[in-house]
Amino acid sequence: MSSDMTNRTSTLQKVSSVASLGATDVASVPRGSRKGLGGRLFAHSLLIAVCIAALMPFVWMLSTSLKTLEATTAFPPTFWPHPIQWHNYLDVFHQEHANFLLWTRNTLVIAVLGVAGTTLSSAIAAYGFARLRFRGRNALFVLMLSTMMIPFPVTMVPLFTLFRWLGDHTGIAWLGTFKPLWVPLWFGSAFNIFLLRQFFMTIPTELSESARIDGCSEFGIFWRIILPLARPALAVVALFAFLAIWNDFLGPLVYLQRPEQFTLTLGLQNFQSQSGGTSWHLLMAASVLVILPAILLFFLAQKSFIEGIATTGLKG
Amino acid sequence: MSKSMARLHSETRATLRGLAFLSPWLIGFIAFTIVPIALSLYYSFCDYSLIQPPLYKGLVNYHLLFHDVVFWKVLRNTAIYALMALPLGMLVSLGLAMLLNLKISGLSIYRAAIFLPSLVPAAASAMLWLWLFNAKLGLINVFLRALGVTNPPDWLMDVRWSMPALVLMSFWGLGNTIIIYLAGLQDVPRELYEAASIDGASAARKVWHVTLPSISPVIFFNLIIAIIGTLQVFVLPYIMTKGGPARSTYFYTMYLYDNAFSYLKMGYASAMAWVQLLIVLALTALAAWSSKKWVHYAGN
């Protein structure tokens, strides 16, 4: 498992947070605050100040990314780039010792393989936990949940040696390849299993019952009835799995060895420690590019998630 | 067959079916969780340099750890960071959530703006904040100078300000926590507030007697998550300061990582990992035990 705890826990929070994002957009916001105009103004000004604080780093990052090198080192620093160096974003891809295109490809490969794996395997396990009754089910579920609390450093070293051992004894290299980063995801991820299990439990049992009576196999019920109904939840799982992989740093740091294999997060750091004086304009441009997918997905996901919440109105 | 045998037969079938669906997870659980944890424990009792197989040495690593000056330094740094970041983070996120919970227009815009920073990958965050905290050219000091501060701190280059800088940075990523608190706040039944109003409660008393108890499960949840995460702080300091200056931002997981992959003392690193695990478990148990005093679940 390559994601460190911060990734996992923030993913946990992210899903809950997007859930509520959708919910509060759908639910009507009751009006009628007893606060007077003064109170409202105060609240607004406070919020605006906070938003400025939250967004200013982005703005500064963009501004720096469009400057020339000299402009970045000018003192006192100016705000507006003059003239605007759009080509910085192209220059990012033409750096020696920093193959951004390759790193993007690497990250995408791992992300696609990882997202596919975790979505599918977590759904299968979640089905077992949610739709089937058998002895020991609840105990295993609690056991699975408790694994979320294990700090990554505990398993980091043995996983490293485990992958090295696998490489030595099976003739297939693991360390220094992408495998340690996505193969474990094909065996389910505790958090995704938890999420999907909660969702599967909201689907009426009558659907499964009637399918069983019709002679459908359990896997058939899973594949043809439950999974299609679970599309919104699967989308959320896929979305945050993608973000977790995209943002992962510790995993690639431990398992990847040559610069050609680096993911974007690892490469970005490499990019910085290269030349003597940091080329802040290029570094900021590169950072903008790395952040972009997450931002785009956020604006896209907000909508799809609202639809998901609406369709799961069957729950409440 | 008899009825009881038939029932047993179908029970076994049910168990096999269940285990079949769980098998991907079970295999992964054993291979990537159980086995590594057991190995990790074993390594912690060994001298393991990766080039040679592990050599059993009993409690030597733990003994060395106890006398390791750097170990105590990183433990202290991590504790200080946690003691700063956790309460402040909680106050800031809860406060902002309550602010967002006021029924004012533009909620979704404010919410989106506050949430956006938490989507940024830590590595990119590190670059950005390195730039922002730059002593001469960084936005933060530009801002401070504009406010009249003549000698703004050197931040990441200054032993006294490097840790506070990291704590400030952690606030930028609070978007998740804030949204969760917001969801919890919006779940508080309005009748409770109305009843309090009828009793003549002021806004402050409402917060203390209605809001906080109602969202106490959410607070508890966020607390546990925050404890586990804060004690493992790694990415930002690793990229930004590499533990400096003078080890002022050298944290536990960073030292662990260095022991494992720079000094190739895997046994020693494993011992560190187990100490960390025990601390996390102890703190979580403490929080869980204390939760009986202050967490109120709905339906009481």
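The values are calculated or read from the model by the stated rules, or taken from the named source; none is laboratory data. In this text, all values refer to a predicted model and were calculated from it rather than measured experimentally. Glycine also receives a Cβ, built like all others from the backbone with ideal geometry; neighbour counts cover every protein chain displayed.
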task: Please specify each residue of the stretch A:160-180 satisfying the condition of being part of a helix (DSSP H, G or I) and either within 12 Å of chain B (Cβ to nearest Cβ) or under 17 Å from B:Met266 (Cβ atoms) (or both).
output: A:Phe160, A:Thr161, A:Leu162, A:Phe163, A:Arg164, A:Trp165, A:Leu166, A:Gly167, A:Asp168, A:Pro180
task: For the stretch B:63-85, indicate whether the set of residues that are at positive phi and not in a helix (DSSP H, G or I) is non-empty.
output: no
- prompt: On the given criteria, is B:Leu39 of a type in the set (A, V, I, L, M, F, W, C), more than 26 Å from B:Thr211 (Cβ to Cβ) and not in a helix (DSSP H, G or I)?
  reply: no
message: For a quick check of your reading: which helices (runs of 4 or more DSSP H) sit entirely within the stretch B:177-236 and have at least 3 residues that are in contact with a Gly (Cβ under 9 Å, 6 or more places away or on another chain)?
response: B:216-230
- request: Tally the residues that are within 25 Å of the chain's Cα centre (by Cα) and under 17 Å from B:Tyr42 (Cβ atoms), restricting the search to the stretch A:164-178.
  value: 0
query: If you take the residues in the stretch B:1-53 that are small (Gly, Ala, Ser) and within 9 Å of another protein chain (Cβ to nearest Cβ), which one is surrounded by the most Cβ atoms within 10 Å (Cβ to Cβ)?
result: B:Ser40
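Would you confirm, using the coordinates I've provided, whether A:Thr73 is at pLDDT below 80, in contact with a helix residue (DSSP H, G or I) (Cβ under 6 Å, 6 or more places away or on another chain) and at negative phi?
Criteria not met by A:Thr73.
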- prompt: Which one is surrounded by the most Cβ atoms within 10 Å (Cβ to Cβ), of the residues in the stretch B:91-146 that are touching a residue at least 60 places away in the same chain (Cβ under 8 Å), closer than 21 Å to A:Phe79 by Cβ and not aromatic (Phe, Trp, Tyr)?
  reply: B:Met127
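Residues of the stretch A:94-112 being exposed (fewer than 15 other Cβ atoms within 10 Å of the Cβ) and either among the basic types (Lys, Arg) or in a helix (DSSP H, G or I) (or both), which ones? Spell out how you get there, then give the answer.
If we filter the stretch A:94-112 for residues that are exposed (fewer than 15 other Cβ atoms within 10 Å of the Cβ), which is where we start, we get A:94, A:96-97, A:101, A:105, A:109, A:112.
Of everything in the stretch A:94-112, those that are exposed (fewer than 15 other Cβ atoms within 10 Å of the Cβ) and either among the basic types (Lys, Arg) or in a helix (DSSP H, G or I) (or both) turn out to be A:His94, A:Leu101, A:Arg105, A:Val109, A:Val112.
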message: Is it the case, given these coordinates, that A:Ser122 is assigned to a helix (DSSP H, G or I), within 13 Å of chain B (Cβ to nearest Cβ), under 28 Å from B:Gly229 (Cα atoms) and touching a residue at least 24 places away in the same chain (Cβ under 8 Å)?
response: yes
task: Search the stretch A:22-41 for residues being at pLDDT 75 or above and more than 17 Å from B:Arg111 (Cα to Cα), and hand back the single one that is surrounded by the most Cβ atoms within 10 Å (Cβ to Cβ).
output: A:Gly39
message: For the structure I just gave you, tell me whether A:Val115 is within 10 Å of chain B (Cβ to nearest Cβ) and crowded, with 21+ Cβ neighbours inside 10 Å.
response: no
task: Quick one: which residue in B:Ser170, B:Ser162 is more than 10 Å from every other protein chain (Cβ to nearest Cβ) and touching a Phe, Trp or Tyr at 6+ places or on another chain (Cβ under 8 Å)?
output: B:Ser162
query: Restricting attention to the stretch A:93-141, which residues are farther than 27 Å from A:Leu239 by Cα and not acidic (Asp, Glu)?
result: A:His94, A:Gln95, A:His97, A:Ala98, A:Arg133, A:Phe134, A:Arg135, A:Gly136, A:Arg137, A:Asn138, A:Ala139
message: If I go through the stretch B:107-145 residue by residue, how many of them are more than 9 Å from chain A (Cβ to nearest Cβ) and either of a type in the set (Gly, Ala, Ser) or closer than 22 Å to A:Gly267 by Cβ (or both)?
response: 1
